[in-house]
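> Below are the structure tokens for one structure; questions will follow.
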Amino acid sequence: MAVDLHLHSTASDGTLSPAEIIAKAHEINLTAIALTDHDSLAGIREALDASIKLSLTFVPGLEMSSEYGDRDIHILGYFIDYTQPHLTETLAGLRVARVNRARTMVERLAGLGLEIDFAEVEQCAHGGAMGRPHVAQILVKHGLVTDISEAFARFIGRGGPAYASKHVLTTAQIIELIHRAGGVASLAHPGVSRVDEPLLRVLKDGGLDAVEVWHTDHTLEQTRYFKQLAFELDLMVTGGSDCHGFGKSRGFVLGSLGIPDEIIEPLRTRAGAYKVR
């Protein structure tokens, strides 16, 4: 049986509601999923309620961003206590920073002659964690770019004329935050983030518990490579499609990787150890 531990909903930059994700996962006979919205726990309660009705194992999660040199490093948290005050307060601050960043990019776009209404970006985010994809979607909507990829490549990608840096925590701070909330910390899509063995060892020394071996954008060679590295460094393995719903660059990839459900219990056990500290 298969699982998918990397999914995004309308609580961040996905196109499906948390309940719709649960329903789709049930339709394709997944045994477990994790909702991992960016800097947001807003969809957890809805997804949990929907999963109980359908007898689907649900893992409360999130995805947080950091940086290491010129690399974007994303950390996934699993089995977190989504009501833990320190976690919720920290995420609230990061969401405010996201809004300010998006507003800055809209202003810089206007300076380039690409005027869009920030209110539309807010509406596009549906009250969830705001990000660059929402700015890109409004650019596409008004015909200012042909697609989201062009928006990033020409304007809002790193180094672009309308790019604004994001306030992020260090990887160590994120891992500590996840552990403090009783969760397990996993490195997301290391192949996409250009993570090599030395950096993975640094993250391991900083408390990292696992590495996302299976990912939609990983080649078969990368999957094998990171699985071997995880074994050598005594890291657990995780995996997920990183599905953002319909109309996104990867397409609808929910449950497409055939990730074995045997990865769930080691994660649950490790999280249990953090919860009783």
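The values are calculated or read from the model by the stated rules, or taken from the named source; none is laboratory data. Being a predicted model, the structure only gives us computed values, none of them experimental. With ideal geometry, Cβ positions are generated from the backbone for all residues, glycine too; neighbour counts draw on all protein chains shown.
> For LYS166, state whether it is of a type in the set (Lys, Arg) and closer than 16 Å to LEU235 by Cα. I'd like the intermediate steps shown before the answer.
On the way: of a type in the set (Lys, Arg): yes; closer than 16 Å to LEU235 by Cα: no.
No, not satisfied.
> Out of all the residues in the stretch 103-124, is one or more touching an Asp or Glu at 6+ places or on another chain (Cβ under 6 Å) and either at pLDDT below 90 or over 24 Å from ALA42 (Cα atoms) (or both)? It would help to see each step written out before you state the result.
At the first step, the residues of the stretch 103-124 found to be touching an Asp or Glu at 6+ places or on another chain (Cβ under 6 Å) are none.
Among the residues of the stretch 103-124, not one is touching an Asp or Glu at 6+ places or on another chain (Cβ under 6 Å) and either at pLDDT below 90 or over 24 Å from ALA42 (Cα atoms) (or both), which makes the answer no.
> Only residues that are in contact (Cβ under 8 Å) with a residue 40 or more places away in the chain and under 18 Å from the mean Cα position of the chain (by Cα): list them for the stretch 34-59, please. Can you show your working first?
Residues of the stretch 34-59 in contact (Cβ under 8 Å) with a residue 40 or more places away in the chain: 34, 36-43, 57, 59.
Scanning the stretch 34-59 gives ALA34, THR36, ASP37, HIS38, ASP39, SER40, LEU41, ALA42, GLY43, VAL59.
> Inspect the stretch 43-59 for any residue being assigned by TED's automatic domain parsing to the domain that holds THR10, out of contact with any strand residue (DSSP E or B) (no Cβ under 9 Å at 6 or more places or on another chain), surrounded by fewer than 18 Cβ atoms within 10 Å (Cβ to Cβ) and of a type in the set (Ser, Thr, Tyr) and give the result as yes or no.
Yes: one or more hits.
> What residue, of GLN173, GLN222, GLN228, is surrounded by fewer than 20 Cβ atoms within 10 Å (Cβ to Cβ) and under 14 Å from ILE73 (Cβ atoms)?
Numbers: GLN222 fails: under 14 Å from ILE73 (Cβ atoms); GLN228 fails: under 14 Å from ILE73 (Cβ atoms).
It is GLN173.
> Here is a further query. Considering LEU16, LEU30, which residue is among the aliphatic types (A, V, I, L, M), more than 23 Å from ARG268 (Cβ to Cβ) and part of a loop (DSSP other than H, G, I, E, B)? I'd like the intermediate steps shown before the answer.
Details: LEU30 fails: more than 23 Å from ARG268 (Cβ to Cβ).
On inspection, the qualifying residue turns out to be LEU16.
> Now a separate question. Conditions: (1) aliphatic (A, V, I, L, M); (2) assigned to a helix (DSSP H, G or I); (3) more than 25 Å from ILE178 (Cβ to Cβ); (4) free of Cβ contacts under 8 Å to residues at least 12 places away in the same chain. VAL96 meets all but one. Number of the miss?
(3)
> Is there a residue in the stretch 15-38 that is of a type in the set (Val, Ile, Thr), surrounded by 24 or more Cβ atoms within 10 Å (Cβ to Cβ) and under 14 Å from PRO260 (Cα atoms)?
Step one: list which residues in the stretch 15-38 are of a type in the set (Val, Ile, Thr), which gives 15, 21-22, 28, 31, 33, 36.
Next, only the ones that are surrounded by 24 or more Cβ atoms within 10 Å (Cβ to Cβ) stay: 21-22, 33, 36.
Filter once more, keeping what is under 14 Å from PRO260 (Cα atoms): 33.
Within the stretch 15-38, one or more residues are of a type in the set (Val, Ile, Thr), surrounded by 24 or more Cβ atoms within 10 Å (Cβ to Cβ) and under 14 Å from PRO260 (Cα atoms).
> Sticking with this one: Taking LEU257 as the residue in question, decide whether it is in a helix (DSSP H, G or I), touching a residue at least 60 places away in the same chain (Cβ under 8 Å) and either in contact with a helix residue (DSSP H, G or I) (Cβ under 9 Å, 6 or more places away or on another chain) or not basic (Lys, Arg) (or both).
For LEU257, the condition - in a helix (DSSP H, G or I), touching a residue at least 60 places away in the same chain (Cβ under 8 Å) and either in contact with a helix residue (DSSP H, G or I) (Cβ under 9 Å, 6 or more places away or on another chain) or not basic (Lys, Arg) (or both) - is not met.
> I'd like to check which helices (runs of 4 or more DSSP H) are fully inside the stretch 128-223 and have at least 2 residues that are of a type in the set (Asp, Glu) and farther than 30 Å from GLU115 by Cβ. Break it down into steps so the answer makes sense when it comes.
On the way: elements: 132-141, 148-151, 171-180, 197-205.
Helices (runs of 4 or more DSSP H) meeting the threshold: 197-205.
> For residues that are crowded, with 16+ Cβ neighbours inside 10 Å and closer than 30 Å to HIS179 by Cβ, tally how many sit in the stretch 100-125.
Residues flagged as crowded, with 16+ Cβ neighbours inside 10 Å and closer than 30 Å to HIS179 by Cβ within the stretch 100-125 amount to 3.
> On to the next question. Scanning for something surrounded by fewer than 20 Cβ atoms within 10 Å (Cβ to Cβ), over 30 Å from PHE231 (Cβ atoms) and either in contact (Cβ under 8 Å) with a residue 40 or more places away in the chain or more than 21 Å from the chain's Cα centre (by Cα) (or both), does the stretch 187-199 turn up at least one residue? Full working, then the answer.
Within the stretch 187-199, the first condition is being surrounded by fewer than 20 Cβ atoms within 10 Å (Cβ to Cβ), and the residues that meet it are 191-194, 196-199.
Going one step further and asking which of them are over 30 Å from PHE231 (Cβ atoms), we end up with none.
Taking every residue of the stretch 187-199 in turn, none turns out to be surrounded by fewer than 20 Cβ atoms within 10 Å (Cβ to Cβ), over 30 Å from PHE231 (Cβ atoms) and either in contact (Cβ under 8 Å) with a residue 40 or more places away in the chain or more than 21 Å from the chain's Cα centre (by Cα) (or both).
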